[in-house]
Amino acid sequence: MSIPAKTHPELSEVFNKDEERVNWHDETLWWIRQKRDKSAHSIPEWEILREKASQIKNNALSNLAEYLVSFEEKALANGIIVHWAADAQEHNQIVHQILKKHDIRQLVKSKSMLTEECHLNEYLEKQGLEVIDSDLGERIVQLAKEPPSHIVLPCIHKKKEEIGDLFHEHLGVAAGTSDPQILTEAARVHLRETFLTRKAALTGVNFAIAETGEFVVCTNEGNADMGAHLADVHIACMGIEKIIPKRKHLGVFLRLLARSATGQPITTYSSHFKKPGAGQEMHLVLVDNGRTIQMGREDFRASLKCIRCGACMNTCPVYRRSGGHSYHSAISGPIGAILAPNLDREKYADLPFASTLCGSCSNVCPVKIDIHQQLYKWRQVIVQEGYATSAKKMSMKIMNYTLSSPGVYKTAGKAGRWVLKYIPFAVNNHFNPWYKQRDMPEVPKESFGEWYKKNVK
Amino acid sequence: MKRVGLFIPCYVDQFYPNAGIATYQLLKKLGLDVTYPTGQTCCGQPMANSGFEHLTGDCNQLFVDNFAEFDYIVSPSGSCVLHIKEHLHTEKSEPQAAAIRTKVYELVEFLVDILQVKNLKAKFPHKVGLHQSCHGQRGLLLTQMSELVAPYFSKPQQLLAQVEGLELINLKREDECCGFGGTFCVVEEAVSVKMGKDRVKDHQANGAEYITGADMSCLMHMEGILKRENSNVKVLHIAEILNAG
Ligand code: SF4
């Protein structure tokens with residue numbers, strides 16, 4: 001276990017130093033949230049679809065072992081080589097071994113949050129391999145040597161001018177270019193070359209179908225297909241929760257996924273992979289990495305229903321004003337804040353508190369995860385396990401003492417209208433965080449209780 | 001006659017007695033038998049939302065002792081009411097706690113659903129922006145939520161429409177959180193303030209003279225920001241508007 005270098009409040013304070021950027025970040029994501037609304041509202045049966053999706057996922061999780069076994073059976077019969085990884089390390093080693101076996105030193109990768117979670121790029125680079133992300137957004141953050149800040153829109157924190165600078169430095173685009181058309185074209189040429197020369201391609205998996213042993217990858221750029229079809233070796237990596245029981249269930253998810261993510265009716269490419277092409281090798285790595293532990297936690301199990309659409313991030317008023325990197329975890333935003341503490345309670349103790357519990361995330365979630373309820377529950381677990389600061393513990397004890405006795409409460413109120421005095425955890429601190437950018441409420445001449453005593457009783 | 005216990009949350013008691021007074025007077029005007037149990041303090045939410053739910057036992061017991069005898073418990077704070085509905089439990093008197101969880105109401109909810117008020121006889125000739133507090137809206141379902149595909153309704157609007165002269169303004173973002181969030185407002189100071197500034201700006205840009213809502217805590221947060229900006233826009237709890245004139 002390790003304590004983060006900086007916590008969410010600290011990192012987002014830095015992000016908020018540049019208010020213009022915060023406004024821009026907020027408005028861009030809000031625009032996507034509105035596109036999602038429009039798209040959802042154009043489907044009268046939207047809420048029924050969400051309920052269906054939620055139930056299919058509940059079923060899949062309740063019978064996960066069975067579905068996984070049947071999936072493996074079918075996949076093997078289809079000619080896919082199946083691997084199982086208990087954790088991130090094992091996953092990375094499996095991928096490395098496959099590449100080594102074929103003496104391949106370069107890998108073209110399409111978007112996969114799982115490999116981010118496992119820090120695969122870092123691992124392979126340390127082994128002397130070259131990894132090129134082929135999703136445009138992923139490629140941009142890769143060039144900037146940053147992790148993605150959003151699961152669907154990895155470089156949403158970057159303005160087009162900044163992307164122009166990066167492309168100038170790395171891809172030879174003229175200095176000062178910020179026209180998205182030109183930048184996209186430059187990236188396309190660069191990536192096309194990559195596709196043609198790499199022998200191995202890695203993709204993520206959006207849905208794996210137990211009934212047929214096939215898997216489906218959704219992208220807007222077609223880069224997963226391009227990579228997978230041109231390479232001799234196709235490696236697909238998935239968390240074990242990606243299983244859905246039957247092919248007929250896929251339609252429910254495909255209708256929800258793109259609408260929730262970007263407001264599109266459907267992702268541009270939904271590619272089915274069932275067996276290797278002629279002369280090709282197809283590997284599938286099934287990864288646990290904490291998922292079965294989360295399965296065993298009843299309060300948090302539903303977090304595994306997530307289909308990674310990113311809607312909860314776009315709607316989250318805190319995410320929009322913090323930026324994804326403030327969550328210091330591969331998956332940011334509300335869903336990241338309930339997944340991360342499963343892996344490391346101490347390191348991510350701050351994340352469940354990075355929310356006002358407004359509940360908007362739970363409302364947009366296409367698979368109806370009770371995200372804000374889980375945030376509340378993680379707070380209790382984190383405190384019970386001893387990860388609250390001592391100042392906070394002290395102020396909570398004082399608050400409890402004051403609130404448990406009407407006599408103490410009234411005296412404390414008279415002595416200084418205690419509420420704001422204790423809520424700001426100002427016990428060890430001269431600096432009152434409420435007052436920094438806000439005025440205190442005016443102190444009234446009497447409390448309601450005093451008024452009532454005088455005027456009613 | 002049914003008896004109403006008035007639950008005035010700690011911060012309303014200490015800082016916004018006028019919201020409490022307006023609630024009391026409004027309920028009296030509507031002919032109810034209202035009592036304020038003087039032994040009450042707080043619902044325990046600040047502790048629970050900070051992860052210290054395990055410390056709220058005494059607070060909960062005190063709440064049960066104060067309110068078990070009433071037919072209805074009414075409060076001018078959606079967030080505290082939601083906390084009671086979802087989290088009030090006691091070791092000693094769980095049946096009473098369970099009963100309280102079903103008979104506690106936020107003021108707007110009580111006026112619309114229980115009393116079915118149709119004609120308030122209030123007057124407030126001003127341009128008003130309505131802040132949908134998240135706990136009231138998404139927790140207590142006072143208003144339909146913009147994320148859901150479902151028919152629109154709004155209980156606070158239903159009441160404000162009965163106020164003579166009041167002009168309700170439109171907002172660009174109808175139901176975005178203001179960033180108060182209990183202890184969030186100090187633990188996450190930077191983001192909280194930015195959210196509050198943005199929320200206030202939406203009201204200002206659409207010509208609000210007053211911002212109102214069913215949760216004084218959100219209003220307290222926005223008031224802090226408005227005052228710091230030397231803005232003319234004022235905040236008023238919805239009870240004060242429904243009781244005006
Ligand atoms: S938690 Fe729900 S809304 Fe968020 S990314 Fe996952 S599926 Fe989408």
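Buried accessible area between B and A (1.4 Å probe, both chains summed, ligands and nucleic acids excluded), in Å² to the nearest 100?
6900
What per residue convex hull volume, in Å³, do the alpha-carbon atoms of the range B:128-245 yield?
103
Hey, what's the Kirkwood Rh for the range B:1-105 if you take every pair of different alpha carbons, in angstrom?
13.8
Sorted by average packing, counted as other Cβ atoms within 10 angstrom per residue and highest first, what order do A:159-170, B:117-128, B:182-193, B:102-113 take?
Output ranking for A:159-170, B:117-128, B:182-193, B:102-113: B:182-193, B:102-113, A:159-170, B:117-128.
Bins of 5 Å, beginning at zero and ending with the bin holding the largest distance: percent of Cα pairs per bin for the range A:1-91, please.
In whole percents, the pair-distance histogram is 2, 9, 8, 9, 11, 9, 13, 19, 12, 5, 2, 0.
For the protein assembly as shown, give me the percentage of DSSP beta bridges that are antiparallel, rounded to the nearest 5 percent.
20
For chain B, find the longest principal axis of its Cα atoms and tell me its angle to the long axis of helix B:78-87, 0 to 90°, nearest 10.
On a 0 to 90 degree scale, this one is about 30.
On a 0 to 90° scale, report how tilted helix A:160-171 is relative to the longest principal axis of chain A, with both axes built from alpha carbons and the result rounded to the nearest 10.
The angle comes out at about 40 degrees.
Using the alpha carbon gyration tensor of the range A:182-340, what are the three equivalent-ellipsoid semi-axes (square root of 5 times each eigenvalue), largest first, in whole Å?
27, 22, 16
Could you check the simple spin-label distance between A:GLU10 and B:GLU69, using points 7 Å along Cα→Cβ, in nm with one decimal?
Output for this residue pair reads 5.3 nm.
Considering amide H positions built from the backbone, and no H for Pro or chain starts, which residues 5 or more places from A:GLU214, or on another chain, come under 5 Å of its amide H?
Under 5 Å from the amide H of A:GLU214 lie the amide H atoms of A:ILE209, each far enough along the sequence or on another chain.
Could you pull out every Cys in chain A that lacks a partner Cys with its beta carbon under 4.7 Å away?
Isolated Cys, chain A: A:CYS118, A:CYS155, A:CYS218, A:CYS237, A:CYS306, A:CYS309, A:CYS316, A:CYS365.
From zero outward in steps of 5 Å, how is the percent of C-alpha pairs of the range A:61-199 spread across the bins?
The calculated distribution, bin by bin, is 2, 9, 16, 17, 18, 14, 11, 7, 4, 3, 1, 0.
Using a 10 Å cut-off on Cβ to Cβ distances, tally the other chain neighbours for every residue of A:36-42 and report the average as a whole number.
2
From largest to smallest, what semi-axes in whole angstrom does the range A:78-126 give when each is the square root of 5 times an eigenvalue of its alpha carbon gyration tensor?
Value: 16, 15, 12 Å, ordered largest first.
Name the residues of the range B:127-168 whose accessible area, probed at 1.4 Å, falls by at least 50 Å² once all protein chains are in place instead of their chain on its own?
B:ARG138, B:GLU147, B:LEU148, B:VAL149
For chain A, with every protein chain kept in place, what is the accessible area per residue (1.4 Å probe, Å²)?
42
Ranked highest first by average number of other Cβ atoms within 10 Å, how do A:17-25, B:43-51 line up?
Going by the mean number of other Cβ atoms within 10 Å, highest first, we get B:43-51, A:17-25.
What whole-number volume per residue, in cubic angstrom, does the convex hull of the C-alpha atoms of chain A give?
Convex hull of Cα atoms, per residue: 177 Å³.
If each DSSP helix of 4+ residues adds -39,500 (n - 2.57) and the sum is divided by the residues in the protein assembly as shown, what number results at 222 nm, nearest 500 deg cm²/dmol?
Helix contribution divided over all residues of the protein assembly as shown: -14000 deg cm²/dmol.
The values are calculated or read from the model by the stated rules, or taken from the named source; none is laboratory data. None of the values given here were measured: they were computed from a predicted structure. Here the Cβ is made from the backbone with ideal geometry for all residues, glycine too, and neighbour counts use every protein chain on show. Side chains are part of the model used for accessible areas, which takes the heavy atoms of the whole protein and leaves out ligands, DNA and RNA. Shrake-Rupley method; radii C 1.70, N 1.55, O 1.52, S 1.80 Å.
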